[in-house]
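Right, one structure below, let's go through it.
The values are calculated or read from the model by the stated rules, or taken from the named source; none is laboratory data. Treat the numbers as computed from the prediction; the structure is a model and nothing was measured. Here Cβ is always computed from backbone atoms with ideal geometry, including for glycine, and neighbour counts include all displayed protein chains. Quick note on the areas: whole protein, heavy atoms, side chains included, nothing else; ligands and nucleic acids left out. Shrake-Rupley method; radii C 1.70, N 1.55, O 1.52, S 1.80 Å.
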Amino acid sequence: MKKKRIFIGMMAGMGRVNRCLPIALKLRDMGHEVAFTIWGNAGAAMEKLGFEAIPIPPIPEPKGQTFDPDFADFHQFLAMMGYADPVYMKNELESRLGATSAFKPDLVLTDSSLSAAFIARKLGIPLVSIHQSCSLPGGVPFNPEAAARPIENGAGNAVTVALNETLALHGLEQSDNVLTFLAGDLAIVPSIPEFDPVDPRALSIPLEYVGPIVWRDDSVAGLPPSWLAEERSIAGKRRVFVYTSRLVEWGVESGGHIFREVVHALGHTSTEILIATGFNPLEGDQEKIPPNVSFATYVSGVMAAERSDIMIHHGGHGSCMTTLLTGTPSLMIPTWAEREFNARQLQHIGGGCMIRPNEMTGQRLAETVDTMLSGGALEQAQTLRDSIASRHYGGAERAAALINGLL
């Protein structure tokens with residue numbers, strides 16, 4: 001088989017790295033060369049494993065960019081990211097095209113990246129998309145009631161209009177919906193239908209669920225020595241893994257609230273707590289960490305979850321998929337709309353429970369942890385894990401095979 005070049009374009013966040021990196025590794029094992037871009041510092045894991053990082057060129061900031069954690073749908077999210085500004089849209093897409101063209105990709109894999117989709121269309125090569133249901137036509141909005149309001153619809157239309165202006169400048173076919181543009185030639189959902197429901201009738205391209213995909217880093221970095229010696233559920237001792245992600249996002253407190261309440265509620269107890277922020281520093285949080293609490297900017301999420309009785313997290317898609325794979329119950333404090341959607345879905349299928357940030361107190365957190373530990377949450381999560389495994393979705397290996405079939 002002839003070696004091909006594959007470019008992966010991702011929005012920011014470890015969640016996207018966690019699901020794209022296992023696919024990249026499989027594609028490299030097939031003999032292909034893989035390069036990537038991602039905002040922020042999440043790409044460090046991919047660089048460490050030898051994948052080429054294509055630098056993101058600096059461009060002027062978009063106009064009118066404001067962040068609302070209660071955004072209604074993916075259209076409004078893209079608008080908040082600045083893509084309703086036609087000038088920013090043009091600068092972003094063209095600058096990324098210029099930076100990536102030298103790599104000469106044969107196929108593009110996009111995870112929520114408009115610029116990656118544009119590169120594929122401009123170069124006339126196959127486009128494969130990695131999706132949560134919310135970013136696909138036929139998916140479910142984060143907040144259906146809010147998504148039906150004119151202001152949110154207007155934001156979505158503005159993004160499509162801005163995209164079409166750039167497409168017209170490059171002689172490319174206009175798009176009726178930015179989500180259709182992102183979907184490409186093949187849509188892969190690294191999840192299960194009951195968590196990420198999509199109406200296939202809304203798509204004119206193949207759609208395939210490949211089951212939860214999460215990168216398993218076998219490094220023990222950040223794991224306390226006691227967590228390495230034993231699996232979870234040591235007699236009389238409980239372990240809780242906490243993933244906060246960034247403590248502050250877009251100037252709004254996010255994981256900092258989780259960090260603070262966990263320390264207040266579970267610090268100075270017999271429960272062993274491990275808190276990780278995903279390559280993000282404490283950013284000025286002055287909490288004194290009690291002796292039963294360990295902190296790491298990074299730890300292997302899979303290894304930590306496997307050794308935990310409960311995983312407390314922000315409701316990110318990657319965190320939810322981690323707990324589905326490891327059979328660990330989730331206690332979710334969702335820090336924005338997409339994460340609340342994920343938390344509701346996981347709670348609905350029996351993978352854990354949710355507390356909204358504005359309803360969380362230290363007392364309620366501690367009581368919920370006690371209820372989950374004594375109420376069979378671990379057994380229920382393990383049953384769900386085994387049920388998903390019995391379906392043999394294929395995971396990253398299946399995703400790579402589907403991508404390889406387009407080369």
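Between E397 and D199, what FRET efficiency comes out of the Förster formula 1/(1 + (r/R0)^6) with R0 = 35 Å and r the beta carbon distance, rounded to 0.05?
Between D199 and E397 the formula returns 0.85.
Cut-off under 23 Å on the C-alpha distance; same-chain residues fewer than 8 positions from K48 excluded. Which lysines are left, in chain and number order?
Hits, sequence-local ones excluded: K3, K4, K26, K104.
In Å², what does the accessible area per residue of the chain work out to with a 1.4 Å probe?
40 Å²
Starting from 0.36 nm per residue, how many nanometres of slack lie between V220 and S95 once their C-alpha separation is accounted for?
41.2 nm
Run the accessible area of region 258-380 with a 1.4 Å probe and give the carbon-and-sulfur part as a rounded percent.
Of all accessible area on region 258-380, carbon and sulfur atoms account for 49 percent.
Helix 150-169 versus the longest principal axis of the chain: what angle, 0 to 90°, nearest 10, using Cα atoms?
40 degrees
Output the peptides 257-268, 374-385 sorted from most to least packed, where packing is the average of other Cβ atoms within 10 Å over each peptide's residues.
257-268, 374-385
Using Cα atoms only, what is the angle between the long axis of helix 362-374 and the major principal axis of the chain, expressed in degrees (0 to 90) to the nearest 10?
Taking Cα atoms only, the helix is inclined about 80 degrees.
Taking loop as defined by DSSP and a crowding limit of 16 other beta carbons within 10 Å, which trypsin sites (Lys or Arg not before Pro) in region 1-84 fit?
When the trypsin sites (Lys or Arg not before Pro) of region 1-84 are filtered for loop state and at most 16 Cβ neighbours within 10 Å, K2, K3, K63 remain.
Using Cα atoms only, what is the angle between the long axis of helix 114-123 and the major principal axis of the chain, expressed in degrees (0 to 90) to the nearest 10?
30 degrees
Okay, which of region 71-98 sit inside 18 Å, backbone N to the point 7 Å along the Cα-Cβ direction of E165?
Under 18 Å, as judged by backbone N against the label point of E165, lie 76, 78-96 of region 71-98.
Would you mind getting me the FRET efficiency between F103 and E379? Use the beta-carbon distance for r and R0 = 51 Å, nearest 0.05.
My answer for the efficiency is 0.60.
Loop only per DSSP, at most 13 neighbouring Cβ atoms within 10 Å: give me the chymotrypsin sites (Phe, Trp or Tyr not before Pro) in region 323-407, ordered by residue number.
Nothing satisfies the criteria.
Using the Kirkwood formula over every pair of different C-alpha atoms, what hydrodynamic radius in Å results for the chain?
Every distinct Cα pair counted, the radius reaches 21.7 Å.
Would you compute, from DSSP H runs of 4+ residues alone, the mean residue ellipticity of the chain at 222 nm, taking -39500 (n - 2.57) per run and dividing by the full residue count, rounded to the nearest 500?
Helix contribution divided over all residues of the chain: -12000 deg cm²/dmol.
I want the local charge near G43. Using Cβ-Cβ distances under 11 Å, sum +1 for each Lys or Arg and -1 for each Asp or Glu among the other residues.
So the environment of G43 carries a net charge of 0.
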